[in-house]
Structures are given as C-alpha cells and as structure tokens.
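We did not get these values from a lab; they are worked out from the coordinates using the rules stated. Please read these numbers as outputs of a predicted model, since none were measured by experiment. Cβ: placed from backbone, ideal geometry, glycine included. Neighbour counts: every protein chain shown.
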Amino acid sequence: MILHEVASARASGRSGAVEEVLQRHRVHRSHLKLWEKARAAGERDSLTDPASLVDLSRRSGLRAELDAEKQHLAALRQQLALVRRLIEVQQRGFESARRGPRGDLARQLEDAALAVLVPLVGVAAACAAIGVARATYYRDRPRPAAAPIGPPIGPLSGPR
C-alpha cells in the first residue's frame with residue numbers, strides 16, 4: 001500500500017523520498033493527505049486511489065463499448081454470410097436455367113438483372129454477381145452511334 005511506502009520513505013530521512021514514491025504511483029500530495037486523514041479517522045473504504053477509480057470507470061466503459069462493437073461485428077458477419085449464400089444460390093439458378101430447356105427465360109432473367117445492377121455497380125461487378133461473361137453484356141448491346149462526319153476541312157475540300 002502506498003501509505004506504508006510513504007511511511008518508510010519518511011523514516012529513511014532521505015530528502016525527496018516521499019516525492020519519489022508519489023511520482024512512481026502517480027499520486028498527488030493532496031491524495032496522500034486525504035488518505036492520512038481517513039486513516040486517522042479509522043475509515044478504510046476511502047483509502048482507494050482516486051486515479052485508479054477513474055481508470056476503472058474508463059476501462060469498464062471501454063469494455064462495454066468493445067463488447068457492443070464485437071456483437072455488432074458478429075451480426076454484420078452473419079449478414080455477409082447470408083448475402084454470399086444468396087448470391088451463390090442465384091448463380092446456381094442462372095447456370096441451371098441456362099443449361100435447361102428454357103434457356104430463353106434464363107436469358108431474360110440475366111438481361112433484367114444486368115439492367116438493374118450495371119448502373120449501380122458497373123458491368124464487371126454485375127456480370128460477376130450473376131455469373132456471366134462481360135462479353136455477354138457487350139454482345140447484346142447496340143454500339144454507340146458514330147459521330148457524324150461533316151464536310152472535309154482544308155485544302156482537300158474541293159474546287160471553289
């Protein structure tokens with residue numbers, strides 16, 4: 001206990017011995033005086049280190065926050081696992097529909113899914129999510145119109 005160390009430091013007669021003990025335990029002299037008064041009055045409950053009480057409350061708050069974050073992370077991991085499973089099932093469904101006798105339906109589903117996903121995540125990610133090649137998307141889309149070509153400019157423009 002700090003009070004015993006302070007008493008032995010005072011008994012040693014060395015100058016600065018008490019201050020060394022207080023610095024080592026990070027205790028202010030005012031705390032020491034409060035503890036000595038409480039000890040003289042016979043109170044044992046008030047002899048705790050006020051700094052450690054603050055640290056304990058801070059630690060318990062951090063512990064509660066950490067536990068809450070761990071629970072939140074576990075819930076997010078469960079959601080991610082569910083979403084991955086759903087995507088896997090969707091990909092299998094598209095693959096089986098593509099192979100089956102109703103290939104037109106699969107093609108329509110792919111087109112509808114691509115129409116929704118491409119503006120949101122881009123062509124590469126949408127095709128990966130559905131399980132089709134990017135060439136499938138580009139093969140069925142019309143090419144952008146070419147820029148109109150105007151009359152020639154310069155000396156080759158013809159007679160004047």
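In terms of the mean number of neighbouring beta-carbon atoms within 10 Å, the peptides 25-35, 132-142, 65-75 order highest first as 25-35, 132-142, 65-75.
For every other residue with a beta carbon closer than 13 angstrom to the beta carbon of residue 118, add +1 if it is Lys or Arg and -1 if Asp or Glu, then tell me the sum. Summing Lys and Arg as +1 and Asp and Glu as -1 gives -1. In terms of surrounding Cβ atoms within a 10 Å radius of their Cβ, 18, 121 rank from fewest to most as 121, 18.
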